[in-house]
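The values are calculated or read from the model by the stated rules, or taken from the named source; none is laboratory data. The model shown is predicted, which means the values in this text are computed figures rather than measured ones. Cβ atoms come from the backbone with ideal geometry, glycine included; neighbour counts cover every protein chain shown.
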Amino acid sequence: MLDKLQIIKQRFDEVSDLIIQPDIMTNQKRYVSLNKEYKDLRKLMDKREAYIELTDNLKEAEAIISDGSDPEMVEMARMQYDEAKEGIPKLEEEIRFMLIPKDPEDSKNAVVELRAGTGGDEASIFAGDLYRMYSKYCESKGWKVDTVDYSEGTNGGFKEIQFEVSGDDVYGTLKFEAGVHRVQRVPQTETQGRVHTSAATCMVFPEAEEFDIEIDPKDVRIDFFCSSGPGGQSVNTTYSAVRLTHEPTGLVAQCQDQKSQHKNKEKAFKVLRSRLYDMELAKKQAEDSARRGSMVSSGDRSAKIRTYNYPQSRVTDHRIGLTLYDLSNIINGDIQKIIDELQLAENTELLKASDDHI
């Protein structure tokens, strides 16, 4: 383990030196990439220091115990020995997980899109419930949520809603939410009291930086229109809403959230870049998951990933067979425990793949 950590320390020293070089500081893409690597390696360096301290404590305790001349010192050394003996394997396991190559996309911000699926008005209401769930979760993480575009349902909720989330490691966390979410409950619109099943789709794109993907302006058709509010009323009479169509792919991105046409155009371009970037990423993810047989984050948007059953207060994540009887807290944003389990499952998969590779 120390040999591996020594190699990483050499890289850490190299990166520490590189990020203060003037030519690196003027190259934005390179600087951002190295800065991110520095932060990740810094965490490993902290673990390395803790590991060296524990192994040194173990050696010191063994020497005192084998000497045995001072009973009081031996007693203290035994405690130190037990502590180190217990701590080292735990720390090694943590370091092994940290040594798994990180997906460079994970540190990016994300664009999330929720769409009502089968189930009519109830599906729109459920999409609204999911939006509130994610908003509360993001708030608990200290992340910023910014609406891009939405279309309201006739009985509440949203036919679709698109929003940006910015903060630390957003995409690496929210990517596990991509897929079809099902709800089983008695709809507000149901008079007979029967349980219905409805669905909403969640899509999560890593937010692409300008240097990640270049868009030729000649390939984009730009349309301006009036923003519309609830019930189709016009929110303003100026043509501030913006719709972009990327003609080579047919992808569309629009934004009507801001009062300024310029800001809406900027936001729409950000979404369009992210969609184009995601198309490339989806191909790569499909290849990776086919190679690994991964069920956790395969990027398959038609896959049913989770069921929210209201009569039984049950939430089941089908990818890892996790069932929790805590629906009211989960739908109120307490989804960290599910994400932790999904991240652990993916890390275990990645660890096994890297072990097999070695």
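Table for the structure above
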item	result
Qualifying positions in the stretch 130-153 - among the charged types (D, E, K, R) and surrounded by fewer than 21 Cβ atoms within 10 Å (Cβ to Cβ)	132, 136, 139, 141, 144, 146, 152
Those helices (runs of 4 or more DSSP H) lying entirely in the stretch 1-104 with at least 2 residues basic (Lys, Arg) and touching a residue at least 40 places away in the same chain (Cβ under 8 Å)	28-67
Members of the stretch 206-239 that are modelled with pLDDT under 75, surrounded by 13 or more Cβ atoms within 10 Å (Cβ to Cβ) and of a type in the set (D, E, K, R)	209, 212
Those strands (runs of 3 or more DSSP E) lying entirely in the stretch 240-326 with at least 1 residues at pLDDT below 90 and farther than 15 Å from residue 175 by Cβ	241-246, 251-255
Exclusive hit being under 30 Å from residue 173 (Cα atoms) and at pLDDT 95 or above, set 38, 134	134
Residue under evaluation residue 155, criteria (1) in contact with a Lys or Arg (Cβ under 7 Å, 6 or more places away or on another chain); (2) without any contact (Cβ under 8 Å) to a residue 60 or more places away in the chain; (3) farther than 20 Å from residue 330 by Cα; (4) of a type outside the set (A, V, I, L, M), criterion not met	(1)
Test result for residue 118, farther than 30 Å from residue 259 by Cα, modelled with pLDDT under 95 and among the polar types (S, T, N, Q)	yes
Top-ranked residue in the stretch 105-148 [being assigned to a helix (DSSP H, G or I), among the small types (Gly, Ala, Ser) and without any contact (Cβ under 8 Å) to a residue 60 or more places away in the chain; ranked as farthest from residue 335 (Cα to Cα)]	124
